Amino acid sequence: MVITLSMIGFTRYTIDGMNLNVRCGILINKNIDINTITRITENNGFLSAPALSSDRIEVFYNRYDSVVISPKNKKLFAEHLKQINPIIVVES
């Protein structure tokens, strides 16, 4: 119960300069260099992820890494990342 409440209260995705920060409670704290992001796709799967909704996007970065998140406005969030790194491919 405490972990669940912690995840709901502290799930945040922020863009800070050249970094995408993904925080989910005390369990997940990732700082991703936006220049390493290659692709963003829609993801409606049920796998465990730092996302509070099943309406989410998957952000692929580095060579084999990805993170699934659920920003309030997926399109605007992806556009903001693409403004910083124009080579990001956004797939719907």
- Query: What are the pairs, 6+ residues apart or on separate chains, where a residue within region 19-32 that is assigned to a strand (DSSP E or B) has its Cβ under 6 Å from a residue that is charged (D, E, K, R)?
  - Reply: V22/K30; R23/R12; N29/R23
- Task: For Y61, indicate whether it is among the hydroxyl-bearing types (S, T, Y), crowded, with 17+ Cβ neighbours inside 10 Å, at pLDDT below 95 and under 14 Å from the mean Cα position of the chain (by Cα).
- Result: no
- Hits in region 72-87 - residues which are surrounded by 17 or more Cβ atoms within 10 Å (Cβ to Cβ) and farther than 18 Å from N35 by Cβ: K74
- Task: Say whether the condition of being among the hydrophobic types (A, V, I, L, M, F, W, C), at pLDDT 90 or above and out of contact with any helix residue (DSSP H, G or I) (no Cβ under 7 Å at 6 or more places or on another chain) is met by at least one residue in region 4-17.
- Result: no
- Determine whether region 64-86 contains at least one residue that is of a type in the set (S, T, N, Q), modelled with pLDDT of 90 or more, closer than 16 Å to I15 by Cα and touching a helix residue (DSSP H, G or I) at 6+ places or on another chain (Cβ under 8 Å). yes
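The values are calculated or read from the model by the stated rules, or taken from the named source; none is laboratory data. Quick caveat: nothing in here was measured; it's all calculated off a predicted structure. Every residue, glycine as well, gets a Cβ built from its backbone with ideal geometry; the counts of neighbours run over all protein chains shown.
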